[in-house]
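See structure below.
The values are calculated or read from the model by the stated rules, or taken from the named source; none is laboratory data. Since the model is a prediction, treat every value here as computed from it, not as a measurement. Positions of Cβ are generated from backbone atoms using ideal geometry, with glycine treated the same way; all protein chains shown enter the neighbour counts.
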Amino acid sequence: MSTDPSQHQETTDPEEIRQLNLEGEVVETDCAENSSSTGEKLKRIIDKYGFTELGDRLEREYTPPKPATLRELQQKVNIKILDQNMRGALTTEAEYEDCCHRLTADDRELTKDRLNRLGIDGETVLNDMISHGTVQNYLRTYRDVEKQGRRRNTCEESATSMIAIQNRVETMLKDAVASHSERDQIPTEPEVDVRMNVVCPNCDESVSIIDYLQLRQCPRCI
């Protein structure tokens, strides 16, 4: 049995806290996950239920040109969890639809007692339910997909961007000091030296961010 709910929901996940993400949007994440909010709970759910195609599906449906919302993806995962646990249970189609409605409606709740009365382990089902923040963190951590399907840069791509930025800043500085020198606003035209460095957390040395990204480690610590 399956359904595709379109209504928004309040999450039923009991292990959930609210936090602001980098875009200022309130999302729910599972406090059972580690402090970096990696989305590991969804990975565990995929492994537990054998949802081998789910990760690909979530990534595909979150990708433009018509990306699904995080709440829509959350609802689809939770419905799959409900489906899996209701297989073999002596429930009618009406009872199933009622559970789906309770799961997805803002003003109703799918309770442990309700599931238990249908011969289903309500505590297990509700504990396995996820939040839309968990979907977002899973896509970011395990699928390298950012908001609305944007892929995050690799270290090499970021290094290339840093080179372009450094060259642009160097050109702007050279133009500026040349202009002031030509108008005798500065005594001589200084040499321009643009460097973008980071401090290595291991050796405390200042090193080029470009080298650090290209090598994926501190060049002095190699």
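Which of the following residues is surrounded by 13 or more Cβ atoms within 10 Å (Cβ to Cβ), of a type outside the set (Val, Ile, Thr) and touching a strand residue (DSSP E or B) at 6+ places or on another chain (Cβ under 8 Å): 137, 153?
Values: 153 fails: touching a strand residue (DSSP E or B) at 6+ places or on another chain (Cβ under 8 Å).
Testing whether each residue is surrounded by 13 or more Cβ atoms within 10 Å (Cβ to Cβ), of a type outside the set (Val, Ile, Thr) and touching a strand residue (DSSP E or B) at 6+ places or on another chain (Cβ under 8 Å) leaves just 137.
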Matching entry among 211, 193, 204 (being surrounded by 13 or more Cβ atoms within 10 Å (Cβ to Cβ) and either in contact (Cβ under 8 Å) with a residue 60 or more places away in the chain or of a type in the set (Asp, Glu) (or both)): 211
Qualifying positions in the stretch 147-159 - modelled with pLDDT under 75 and under 24 Å from residue 217 (Cβ atoms): 151, 152, 153
Residue in the stretch 117-130 that is of a type outside the set (D, E, K, R) and exposed (fewer than 15 other Cβ atoms within 10 Å of the Cβ) present: yes
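Quick check, is residue 90 among the aliphatic types (A, V, I, L, M), assigned by TED's automatic domain parsing to the domain that holds residue 80 and surrounded by fewer than 18 Cβ atoms within 10 Å (Cβ to Cβ)?
yes
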